[in-house]
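Asks: Sharing a structure below in structure tokens format, with a few things to ask.
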Amino acid sequence: MADNFKNFIAGEWVAPASGAYFENRNPADWNDVIGCFPRSGPDDVARAIASAKRGFAAWSRTPAPIRGQVLQRVGELLVLRKEAIAQAMTREMGKVLAETRGDVQEGIDTAFYAASEGRRLFGRVVPSELRNKWAMAYRRPIGVAGLITPFNFPMAIPTWKMFPALACGNAVIFKPAEDVPHTAHLLVEILVEAGLPPEVIQLVHGQGSVVGRALVEHPDVPVISFTGSTETGAVIGAACGRLHKRLSLEMGGKNAMIVMEDADLDLALDGVLWGAFGTTGQRCTATSRLILHEKIHDTFLRSVCDRAGQLRLGPGLDPKTEVGPLIHEEARKKVEYYVGVGKEQGASVAIGGAEPGDKALAAGWFYRPTVLAGVQPGMRVEQEEIFGPVLSVLKVSDLAEAIRVNNDVHYGLSSSIYTRNVNSAFRAMEDLDTGITYVNAPTIGAEAHLPFGGVKQTGNGHREGGWAVYDFYSEIKVVYVDYSGKLQRAQIDTEA
Ligand code: UN1
């Protein structure tokens, strides 16, 4: 019998009101049940919100540097448990250990950044237009933040949201993806152990359509941050618009790597394999389109296929594995579906395009790294996010065409160009219509201390990470102090 895990509500580990649970299984071996997690309902969410409001009342008054100290201890505990968490994460999410270690490291980096931000959280003091008067703007906490997170970065993405939210003095309700509840449990254990006042963090497991919806619809949760599909983001956006909530959305991508004829092709080859097939293509930033200059198209495509065909599939816990499984059966079906759509619309499968057919992998959701050649702009495999190990390859005749192809999608998260020509690099930097551009590096690999996010239908204008996210989690208050002892009218009593 697998263990029953609990929610963390009102400072205690508690069973869901319904008594119902869902199973968490290993995507590399579906017979391996990791545990059973609460299938929570609106009652659990309501209790969590009531408690988080009490937590907020105390935490919002705790001096920010002291809040930072708690996050410092969180970071230190993450350092101590990095390996154990990485192992648990690989078991429930599937990606290889080097990547889950990186995922935890991103959480550590985010914790230490947030800890030090507790001693900054800068406001501004600006000159008043009147004598004997001060004008200043400072940050205030907002309230209870509802955080809804995806499966692909079970530690990094929750921490991107949670640590800045906490540093800014908000209370947090955390609804992790159903595929990765164990990592979420381990993270919340650390927060409590680090001395976060218990009602400041609530962990409510369950379905997005129930728990996520209840958070989004509840009037006492003024801040929502969501990372996931563009379809779900649209539903959340509509509800938050109706309720006037502050909302940060991070959604899909259709990220391209451009390889010019003057590029270092060995470097570009390593880059595209990592960008397209790292995390089994399950990153919002994954390289899902490869735009090749016609002069190097044929040879480069051949090299990509040679190398992609050699990537070793297997369980992420095996040190020899390079590509793990997809997260679940529907994810693999979606990949199969899109490979079919690609073929129907005239693309050809240059490598992959099937399950591995290896008995040892039959109990997992594996799919061979796949390269679709002959893809034309506008095809569905060129436009739509697949979120799997599928790379669509296009041919262009110059940089201007490459940039046009890159930009002609609804998404705008990440992009990349490989070139040795500084003019091409800067032209691309200016004209690629994405939130992030890499020069001579693949589309993945953002660092925690820089803003992360995209344009167009990838997001709604906010950024995670770096300094920018602290604006999202704080309200600006402006204070004028007039010590002239008389009525001074702005815009009127302003003569020198
Ligand atoms: C994602 O793409 O889903 O930039 C998040 C990266 C990681 C985070 C990716 N630091 O590749």
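Asks: Over segment 1-126, what is the relative contact order in percent, taking alpha-carbon pairs closer than 8 angstrom and at least six residues apart?
Replies: Relative contact order here is 24 percent.
Asks: Only Lys, Arg, Asp and Glu count, each charged at its Cβ (+1, +1, -1, -1), so figure out the dipole size of segment 170-298 about its Cα centre, rounded to 20 debye.
Replies: With only Lys, Arg, Asp and Glu charged at Cβ, the dipole is about 680 debye.
Asks: Now for a separate question. Once the Cα atoms of helix 42-59 and of the chain are each reduced to a long axis, what angle between those two axes, in degrees from 0 to 90 to the nearest 10, is obtained?
Replies: 50 degrees
Asks: Something else: For residue 133 paired with residue 481, estimate the spin-label separation in nm (one decimal), with each label point 7 Å from Cα along the Cα-to-Cβ line.
Replies: Between residue 133 and residue 481, the label points sit 1.6 nm apart.
Asks: Roll a 1.4 Å probe over the protein chains and send me the accessible area per residue for the chain in Å².
Replies: 41 Å²
Asks: Among 295/343; 95/456; 82/477; 6/456; 82/175, which pairs are too far apart, with a Cα-Cα distance over 32 Å?
Replies: 82/477; 6/456
Asks: Next question. Counting only C-alpha contacts under 8 Å and six or more residues apart, can you give the relative contact order of segment 255-439 as a whole percent?
Replies: This gives 28 percent for segment 255-439.
Asks: In nanometres, what is the gap between the two model label sites at residue 119 and residue 33, each 7 Å from Cα along Cα-to-Cβ?
Replies: 5.0 nm
Asks: Once you have the Cα-Cα distance between residue 13 and residue 422, take 0.36 nm times their residue separation minus that, and quote the gain in nm to one decimal.
Replies: Length gained between residue 13 and residue 422: 141.6 nm.
Asks: Going by the alpha-carbon gyration tensor, a ≥ b ≥ c the square roots of its eigenvalues, is segment 384-496 rounded (a/c under 1.5) or, if a/c is not under 1.5, prolate (a/b greater than b/c) versus oblate?
Replies: prolate
Asks: Which residues does the label zone of residue 262 cover in segment 406-420, counting backbone N under 16 Å from a point 7 Å along Cα→Cβ?
Replies: Only 417-420 fall inside the zone, counting backbone N under 16 Å.
Asks: Helix 329-344 versus the longest principal axis of the chain: what is the Cα-based angle in degrees, 0 to 90, to the nearest 10?
Replies: 50 degrees
Asks: Still on this structure, I have one more. Under a point-charge model restricted to the Cβ atoms of Lys and Arg (+1) and Asp and Glu (-1), what is the dipole moment magnitude of segment 245-313 relative to its Cα centre, in debye to the nearest 20?
Replies: Roughly 620 debye for segment 245-313.
Asks: Under 1.5 on a/c is rounded, so check that first for segment 63-218, then, if it is not, pick prolate when a/b is larger than b/c and oblate when it is not; a ≥ b ≥ c are the square roots of the alpha carbon gyration tensor eigenvalues.
Replies: Because a/c hits 1.5 or more and a/b exceeds b/c, segment 63-218 counts as prolate.
Asks: Can you compute the FRET efficiency between residue 295 and residue 376 using 1/(1 + (r/R0)^6), with r the Cβ-Cβ distance and R0 = 22 Å? Round to the nearest 0.05.
Replies: Working from the Cβ atoms, E equals 0.70.
Asks: Here's a follow-up. For helix 297-310, report the angle its Cα long axis makes with the longest principal axis of the Cα atoms of the chain; keep it between 0 and 90° and round to the nearest 10°.
Replies: For 297-310 against the chain, the angle is about 80 degrees.
Asks: How big is the gap, in Å, between the Cα center of segment 408-478 and the Cα center of segment 328-398?
Replies: What the calculation gives is 26 Å, centre to centre.
Asks: Quote the FRET efficiency, to the nearest 0.05, computed for residue 189 versus residue 235 with a Förster distance R0 of 35 Å and r equal to the Cβ-Cβ distance.
Replies: E(calc), rounded to 0.05, equals 0.65.
Asks: Would you please give the FRET efficiency between residue 302 and residue 455, computed as 1/(1 + (r/R0)^6) with r the Cβ-Cβ distance and R0 = 30 Å, to the nearest 0.05?
Replies: It comes to 0.35.
Asks: Each residue of segment 317-323 in order: what ³J(HN,Hα) in whole Hz does its phi give by Karplus 6.51 cos²θ - 1.76 cosθ + 1.60, θ = phi - 60°, with x for Gly and Pro?
Replies: Values per residue, Gly and Pro as x: 6, 7, x, 7, 6, 10, 10 Hz.
Asks: Sort the chain into rounded, prolate or oblate with this rule: let a ≥ b ≥ c be the square roots of the eigenvalues of the Cα gyration tensor; rounded if a/c is under 1.5, and if a/c is not under 1.5, prolate when a/b is larger than b/c, oblate otherwise.
Replies: oblate
Asks: Counting residues in segment 180-328 as N, plug N into 2.2 N^0.38 Å and put the Cα Rg over that result.
Replies: So the Cα radius of gyration is 1.43 times the expected 2.2 N^0.38 Å.
Asks: Can you give me the % of accessible surface on segment 289-358 that is carbon or sulfur? Probe 1.4 Å, all protein chains present, nothing else counted.
Replies: That share works out to 46 percent.
Asks: How many nm separate the modelled label positions at residue 345 and residue 57, each set 7 Å beyond the Cα in the direction of the Cβ?
Replies: Spacing of the two 7 Å Cα→Cβ label points: 5.5 nm.
Asks: Then there's this: In whole angstrom, how far apart do the alpha carbon centroids of segment 249-285 and segment 22-100 sit?
Replies: 29 Å
Asks: With the contact rule set at Cα under 8 Å and sequence spacing of 6 or more, what percent relative contact order holds for the chain?
Replies: 18 percent
The values are calculated or read from the model by the stated rules, or taken from the named source; none is laboratory data. Predicted model only: the values in this text are computed from it and were never measured. Here Cβ is always computed from backbone atoms with ideal geometry, including for glycine, and neighbour counts include all displayed protein chains. Protein only, heavy atoms only, side chains kept; ligands, DNA and RNA dropped before computing areas. Shrake-Rupley method; radii C 1.70, N 1.55, O 1.52, S 1.80 Å.
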